[in-house]
1. Test G127 against the stated conditions and say whether it is at pLDDT 95 or above and at positive phi.
2. When you check V87 against the structure, is it of a type outside the set (D, E) and over 26 Å from E175 (Cβ atoms), yes or no?
3. Kindly evaluate E88 against the criterion of being assigned to a loop (DSSP other than H, G, I, E, B) and either within 20 Å of V184 (Cα to Cα) or of a type in the set (D, E) (or both).
4. State all residues of region 181-190 that are farther than 16 Å from I152 by Cβ and buried (at least 19 other Cβ atoms within 10 Å of the Cβ); if no residue qualifies, say none.
5. Checking the condition among the acidic types (D, E) and in contact with a Ser or Thr (Cβ under 9 Å, 6 or more places away or on another chain), which residue from D141, D115 passes?
6. Can you tell me how many residues within region 81-96 are closer than 22 Å to D118 by Cα and either surrounded by 17 or more Cβ atoms within 10 Å (Cβ to Cβ) or in contact with a Pro (Cβ under 8 Å, 6 or more places away or on another chain) (or both)?
7. Tell me which of these Q178 doesn't satisfy, since it passes every other one: (1) buried (at least 20 other Cβ atoms within 10 Å of the Cβ); (2) in a strand (DSSP E or B).
8. Does any residue of region 51-58 turn out to be at positive phi, surrounded by fewer than 20 Cβ atoms within 10 Å (Cβ to Cβ) and of a type outside the set (G, A, S)?
Amino acid sequence: MKLLAFSDLHRDLKQAERLVEQSSQADLVIGAGDFASVHRGLDQTVEALATIETRTLLVPGNNETEDDLRQAAGAWPAAAVLHGEGVEHDGATFFGLGAGVPVTPWDWSFDLDEDEADAKLASCPDGAVLVLHSPPKGYVDGHDKHLGSEAILRAIEARRPPLAVCGHIHECWGEQAQIEETRVVNLGPAGTMLEI
């Protein structure tokens with residue numbers, strides 16, 4: 001299965017247009033959060049993406065809430081928002097968790113603490129592809145300081161997904177890591193083609 005995956009558009013409508021063009025080459029599209037910037041521009045960014053006809057899985061970033069993303073994507077027939085839940089597509093299971101994890105220093109941010117993330121990840125099936133906004137602690141999560149989530153790392157170690165995609169930490173866009181058999185990719189907005 002060919003995936004087109006991206007994160008952290010932050011209202012870049014030109015890049016959204018490019019992703020729409022790329023989407024016809026994919027079997028599934030993944031948007032790993034931060035469509036808006038500090039809760040602004042979500043509707044316009046989702047509207048720019050909504051001509052994607054390929055099935056699309058979205059998770060909220062820390063720049064938009066789960067509820068706001070569900071509302072913005074409500075008129076996009078191909079899109080499903082995942083946050084503590086999963087779906088099947090073409091024989092593969094995908095499980096999503098959005099938000100900033102752990103809690104960020106910004107009072108406007110849509111965040112979960114590690115316990116809240118643990119609770120939302122508890123129903124993740126073994127072997128499901130993880131669609132995340134935040135990276136796991138110690139992997140593609142910063143160069144000077146590791147800003148990722150311990151709960152997400154525990155879920156990867158326990159559930160052993162073949163792939164975990166994320167964003168959130170901009171300085172690590174395009175970087176990959178390996179946690180046992182799990183490939184971890186910090187996406188960024190450019191659009192990354194992946195195979196599973």
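The values are calculated or read from the model by the stated rules, or taken from the named source; none is laboratory data. Because the structure is predicted, anything quoted here is derived from the model rather than measured. Note that each Cβ is placed from the backbone with ideal geometry, even for glycine, and that neighbours are counted across all protein chains shown.
1. Values: at pLDDT 95 or above: yes; at positive phi: yes.
Yes: the conditions hold for G127.
2. Numbers: of a type outside the set (D, E): yes; over 26 Å from E175 (Cβ atoms): yes.
So V87 passes the test.
3. Values: assigned to a loop (DSSP other than H, G, I, E, B): no; either within 20 Å of V184 (Cα to Cα) or of a type in the set (D, E) (or both): yes.
Answer is no for this residue.
4. G188, P189
5. Values: D115 fails: in contact with a Ser or Thr (Cβ under 9 Å, 6 or more places away or on another chain).
Selected residue: D141, the only one of D141, D115 that is among the acidic types (D, E) and in contact with a Ser or Thr (Cβ under 9 Å, 6 or more places away or on another chain).
6. Qualifying residue count for the region: 9.
7. Unmet condition: (1).
8. Of region 51-58, the ones at positive phi are none.
No.
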